[in-house]
Amino acid sequence: MNAPPPLPRTGFVTVLGRISLLLAVLVLAGSLLQAVFALLLSDDTVARFAAHPAMPPAGAWMLEQRRLLSLLGLALAVLFLASSWGLLRRLEWARWGFIGFLVASAALNFASLPLAGQFFDGMVRMFPAEFLDTPDGREFLAQMKFNRAVSLATATLTSLAFAALHGYVAWKLCTPEVRAEFGRTGQD
């Protein structure tokens, strides 16, 4: 019995897979480093940071949940690495997994936008009310308000740009030409 002819391969999937594989290795290395720091950071140190008036509630929660979050980050990094490898091998589950990562990361970019405001609120809370009621303090508050608006606008535009890019890549992975490359289980 003759083997079916090999599936066509586009440069798009190969380049996307290679770039993603490199990115996945970097994300995994960063996640491992973060996990080490999460393990080394003592609960007393975390409690001191979390109690600081400039610390936003979300930041305090993330510090307190650092071990769980770093474990989740490691798991996601490994899944992204597997998905990137599978994309290079033209595995169907990897194509869907990669599309899921694209959609989730675009959504996460938008979900993180409120953190910019919390950052600037924390900066303002670092200063005593007496200072904020002085001419220098009012100038500082005006500068923080401007910086907050610029940061939010920049983060929003960046989120929109990445959402467009991720949307395009997800759409491209769903085109018939690219889907045809994923018709087998990865055997060449």
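The values are calculated or read from the model by the stated rules, or taken from the named source; none is laboratory data. Fair warning: this is a prediction, and the values are worked out from it, not measured in the lab. As a convention, Cβ positions derive from the backbone with ideal geometry for all residues, glycine included, and neighbour counts pool all protein chains shown. Side chains included, ligands, DNA and RNA excluded: accessible areas come from the protein's heavy atoms. Shrake-Rupley method; radii C 1.70, N 1.55, O 1.52, S 1.80 Å.
Pairs linking a residue in the range 37-53 that is surrounded by 11 or more Cβ atoms within 10 Å (Cβ to Cβ) to a residue that is not small (Gly, Ala, Ser), with Cβ atoms under 6 Å and 6 or more positions apart or on different chains, are ALA38/ARG66; ALA38/ARG67; VAL46/LEU63; PHE49/LEU63; ALA50/LEU63.
Taking the criterion of being under 18 Å from ALA54 (Cα atoms), surrounded by 12 or more Cβ atoms within 10 Å (Cβ to Cβ) and at pLDDT below 95, would at least one residue in the range 104-113 satisfy it? The answer is no; no qualifying residue exists.
Residues that are under 30 Å from THR10 (Cβ atoms), surrounded by fewer than 13 Cβ atoms within 10 Å (Cβ to Cβ) and not polar (S, T, N, Q) are absent from the range 63-78.
Going through the range 133-188 one residue at a time, which ones are open to solvent by 100 Å² or more (accessible area, probe 1.4 Å) and either part of a helix (DSSP H, G or I) or modelled with pLDDT of 95 or more (or both)?
Filtering the range 133-188 down to residues open to solvent by 100 Å² or more (accessible area, probe 1.4 Å) leaves 133, 136, 138-139, 145-146, 157, 168, 171, 177, 179, 187-188.
Within the range 133-188, ASP136, ARG138, GLU139, LYS145, PHE146, LEU157, TYR168, TRP171, GLU177, ARG179 qualify.
Of all residues in the range 146-165, those that are within 15 Å of PRO114 (Cβ to Cβ) have Cβ atoms under 6 Å from Cβ atoms of residues that are surrounded by 14 or more Cβ atoms within 10 Å (Cβ to Cβ), 6 or more apart or on another chain, in ARG148/PHE120; SER151/ALA116; LEU152/ALA116; ALA155/LEU113; ALA155/ALA116; SER159/ASN109; SER159/PHE110. I'd like to know if the range 12-21 contains one or more residues that are under 24 Å from ALA82 (Cβ atoms), among the charged types (D, E, K, R) and not in a loop (DSSP other than H, G, I, E, B). Within the range 12-21, one or more residues are under 24 Å from ALA82 (Cβ atoms), among the charged types (D, E, K, R) and not in a loop (DSSP other than H, G, I, E, B).
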